[in-house]
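A short worksheet on the structure shown next.
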Amino acid sequence: MFLEKIINYYRQFGLARTVCHSLARVGFAFYYRKMLFYEKDLCQLNGDPHREFTGMHLEHIDEEKLKAIDNYYDGWRTKDGALRRLQKGYQLFSLKEHTERLSYIWVDTGSTEVPYLQLRFPLPEGHSCLAYLYTVKDHRNRGVATLSTQRTMRLFGEKGYTRMISFVLPKNVTVQRVNQKLGFRRFGACTYIRILFLKIYVCRSLFANRRKLFFPLGKNSSRLLNSFSKS
Ligand SMILES: CC(C)(COP(=O)(O)OP(=O)(O)OC[C@H]1O[C@@H](n2cnc3c(N)ncnc32)[C@H](O)[C@@H]1OP(=O)(O)O)[C@@H](O)C(=O)NCCC(=O)NCCS
């Protein structure tokens, strides 16, 4: 099984990446990664311009519906991974135009995972977190991601959530544009430095204009979001 995975990875990405990937799997990793943190206050959505597109609706996807989807995320993400996320209580939505799926969007509550930062952490009461926003290729740049996010914000605002957060790669200017259109504001940035087994996170809070450093043990950290607080 393990060998099969390595061979598939090698076929897809070549020798150099396979060696780096295999070393990383057993802990010999070197990373320098950055992530931007955005937030939206869900208590003040009434002033936002309401985007309406007739014939489009946001659908909640449970395990049964997931199994019936063809070409989930255009193959970018797997259904097995989605099932595991659903079983952890994370929620999946899809914007549909009549019967056609235009986008996918996950919302995490209770806790969230950021594989890119190799971290998992609890979310405070009232917080929801967006993940893996995706618009099907043929429907990009017509406002689909913006509408999906807006409908999701409204839904979670109605459910009583007060804050929605979103993590974005600095190079992903398209999601930053979507966030900007919807009034999300950037509240921090996290730089992840990994040298072999040592993990260092440098969190820069835009609230307090300061940096905090922390060194979590394992994948869990309850301190990441706290490092952005005002105090
Ligand atoms: C990111 C993504 C979800 C955006 O979906 P979308 O439906 O095309 O987004 P929207 O149409 O709502 O808005 C896109 C905005 O970004 C702008 N944009 C697109 N490409 C851009 C670029 N290279 N530079 C700057 N702005 C860009 C568009 O012009 C539009 O802004 P506008 O409405 O002011 O014109 C889609 O590109 C995608 O699925 N990408 C791959 C997956 C991904 O990166 N997901 C996010 C992280 S997990």
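Has the stretch 137-144 got any residue that is at pLDDT 95 or above, closer than 29 Å to Phe30 by Cβ and surrounded by fewer than 18 Cβ atoms within 10 Å (Cβ to Cβ)?
Checked the stretch 137-144: no residue is at pLDDT 95 or above, closer than 29 Å to Phe30 by Cβ and surrounded by fewer than 18 Cβ atoms within 10 Å (Cβ to Cβ).
Against the conditions (1) over 16 Å from Ile105 (Cα atoms); (2) within 16 Å of the ligand (Cβ to nearest atom); (3) of a type outside the set (S, T, N, Q); (4) buried (at least 17 other Cβ atoms within 10 Å of the Cβ), where does Arg194 fall short? Just the number, please.
(2)
Give Gln91, Gln118 a once-over and let me know the one that is surrounded by fewer than 20 Cβ atoms within 10 Å (Cβ to Cβ) and either modelled with pLDDT of 95 or more or in contact with a Cys (Cβ under 8 Å, 6 or more places away or on another chain) (or both).
Step by step, each of Gln91, Gln118 is checked, and only Gln91 is surrounded by fewer than 20 Cβ atoms within 10 Å (Cβ to Cβ) and either modelled with pLDDT of 95 or more or in contact with a Cys (Cβ under 8 Å, 6 or more places away or on another chain) (or both).
One line per residue, one yes/no per condition, for (1) of a type in the set (Ser, Thr, Tyr); (2) in contact (Cβ under 8 Å) with a residue 40 or more places away in the chain:
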{"position": "Tyr38", "(1), (2)": "yes, yes"}
{"position": "Phe53", "(1), (2)": "no, yes"}
{"position": "Ile69", "(1), (2)": "no, no"}
{"position": "Leu83", "(1), (2)": "no, no"}
{"position": "Glu97", "(1), (2)": "no, yes"}
{"position": "Trp106", "(1), (2)": "no, no"}
{"position": "Tyr116", "(1), (2)": "yes, yes"}
{"position": "Leu133", "(1), (2)": "no, yes"}
{"position": "Val136", "(1), (2)": "no, yes"}
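Please give the number of the condition Lys212 fails out of (1) among the basic types (Lys, Arg); (2) over 30 Å from Gly55 (Cβ atoms); (3) within 16 Å of the ligand (Cβ to nearest atom); (4) not in a loop (DSSP other than H, G, I, E, B).
Unmet condition: (3).
Among the strands (runs of 3 or more DSSP E) lying completely within the stretch 83-185, list those that include at least 2 residues that are on the phi < 0 side of the Ramachandran plot and within 16 Å of the ligand (Cβ to nearest atom). Before you say what the answer is, go through the steps one by one.
Values: elements: 91-97, 100-109, 111-114, 119-122, 127-135, 163-168.
Hits in the stretch 83-185: 91-97, 100-109, 111-114, 127-135, 163-168.
The values are calculated or read from the model by the stated rules, or taken from the named source; none is laboratory data. As the structure is a prediction and not an experimental result, all values here were calculated from the model. Note: ideal-geometry Cβ built from the backbone for every residue, glycine included; neighbour counts use all protein chains shown.
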